[in-house]
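Undergrad: Here it is, the structure, as structure tokens.
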């Protein structure tokens, strides 16, 4: 028994009838992402670009323009300033210049000399170029390996058509998030990789729910056309999909609005990924099954006639 339903049990929204428009939008989104990644690449964060990070607390509210000018005056390049937790907390990032052999300790000492006695140094870190390159390769590899393993899981749980549809859909969602970072020039770091892995898992969760209902309906209706059966299955799971995505989105938007600059990229990626993942679960994943050879997951010869019954 459902206590809350956004859509009636007998809803007949024609999602499969809109599949061509959905595929056009999907291809355009993927194309924009790929072109942006090819031409502009990613704005790499300190984790992947190498450099020095200094966290400090000031005795008075910080004037960013003044501090940036003083750091530039002593020859420090690639400086990025970010306040967090108030007007007196600051993160100073100095990205390593290509081929630079500057001693990181000297760089930290130079920053301390500019800050003076009115700043308390909370922490300082250095990431070398070799380590940052390894982190970048490992992070991207982890993201795409997760997508592949998700598809293998769906393949074994259902049938190869479902696994291939899950692979293409989840890959689309991941590429769309990479595209968001590229188009908006958001800083791509280890936190962004964590967001992408989270989105991949979230997206496939919705997709598997729809696939499971399709499997149930394959047992129930032996003569119903596949497009009609998929449409029925998506309608039956629609309330669950929207409620799950909506409640998660509320939490993520709270992080985006109130979480401050430190969490902004992470929460923006999650919000975009939830929106795209929900869209792809409804319009793309199941519709892809129509383009593959016939699904013979079950022997439907002993199933009842396809008298249309609503399933909750």
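Undergrad: For the ranges 21-30, 107-116, what's the packing order if you count other beta-carbon atoms within 10 Å of each residue, average per peptide, and put the highest first? Please report the intermediate quantities before stating the final value.
TA: Numbers: 21-30: 14.2, 107-116: 15.7.
In descending order of packing, they fall as 107-116, 21-30.
Undergrad: Let me ask something else about it. Can you give me the relative contact order of region 138-262 as a percent, contacts being Cα pairs under 8 Å and 6 or more apart? Display every interim value, and only then the final one.
TA: Details: 64 pairs, mean separation 25.1, N = 125.
Across region 138-262, relative contact order equals 20 percent.
Undergrad: Continuing with this model, one more query. Ranked from highest to lowest mean number of other Cβ atoms within 10 Å per residue, what is the order of the peptides 241-249, 275-283? Please report the intermediate quantities before stating the final value.
TA: On the way: 241-249: 15.3, 275-283: 22.9.
In decreasing order of mean packing, 241-249, 275-283 become 275-283, 241-249.
Undergrad: Efficiency by 1/(1 + (r/R0)^6): what FRET value for residue 113 and residue 60, r their Cβ-Cβ distance, R0 = 22 Å, to the nearest 0.05?
TA: Numbers: r = 18 Å, r/R0 = 0.84.
The formula returns an efficiency of 0.75 here.
Undergrad: Given a Förster distance of 25 angstrom, what is the FRET efficiency for residue 250 paired with residue 212, based on the Cβ-Cβ distance and rounded to 0.05?
TA: Working: r = 26 Å, r/R0 = 1.02.
Approximately 0.45, to the nearest 0.05.
Read-outs: derived from the displayed coordinates by stated rules, not from any lab. The model shown is predicted, which means the values in this text are computed figures rather than measured ones. We place every Cβ from the backbone using ideal geometry, glycine too, and count neighbours over all the protein chains shown.
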